[in-house]
Amino acid sequence: MRRLAFLALLPALASCAWYDSVTGHDTLAVLRQNRVRWVQSGLTTYRLHYTTSSSWSLPKTITIEVVNGVVTGVLDGSPGGPVPPTPGISVPTVDSLFVWAEQRIRSGYTVKVVYDAAFHFPGQVSGDIPGALDAAFGQTASLDLEFLTS
């Protein structure tokens, strides 16, 4: 009987990770709404200044140039030189950050996204593993976009 009660609760428990207790909004629904708005903007050519930081490493910035939705160049923010492609490792685009955030939310991570008010891209994304012993697994990505003319 207890097992059946627990199994009946699983769908409700699974959806808890998708609810933002601060705003009172369904995190996945808000993410999807902003993704639709971003796609509707038609902005596919931009320069993305992508900074990551965590409790175990210094902040790192790379600049990614995207033309018509395709990455055309990557520069390291520190020395400023080009970053050679690494097989199996992709660099983020605005579209891939929406996908990344949704995957983490569905996996049960605590994910917070701050969207740009004008263009609806994720301006800041942070995630953490709930129940981790410390914040060592937390990571934050901040975005700054420059829109380019094609």
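The values are calculated or read from the model by the stated rules, or taken from the named source; none is laboratory data. What you see is a predicted model, and the numbers here were worked out from it, not measured in a lab. Virtual Cβ from ideal backbone geometry, glycine too; neighbours counted across all protein chains shown.
Worth pointing out:
- Pick from the range 12-41, criterion modelled with pLDDT under 50 and of a type in the set (F, W, Y), ranking: surrounded by the fewest Cβ atoms within 10 Å (Cβ to Cβ): Y19
- Pair list, Cβ < 7 Å and 6+ apart or interchain, from the range 61-73 residues that are within 13 Å of S90 (Cβ to Cβ) to residues that are surrounded by fewer than 15 Cβ atoms within 10 Å (Cβ to Cβ) and of a type in the set (G, A, S): I62/G77
- Inter-residue pairs, beta-carbon under 7 Å, first touching a residue at least 60 places away in the same chain (Cβ under 8 Å) and in the range 41-53, second of a type in the set (F, W, Y) and in a loop (DSSP other than H, G, I, E, B), 6+ apart: S41/F119; L43/F119
- Among residues of the range 77-103, those that are modelled with pLDDT under 85 and either basic (K, R) or surrounded by 15 or more Cβ atoms within 10 Å (Cβ to Cβ) (or both), counted: 2
- Residue ID - modelled with the highest pLDDT, chosen from residues in the range 42-54 that are out of contact with any Gly (no Cβ under 6 Å at 6 or more places or on another chain) and β-branched (V, I, T): T45
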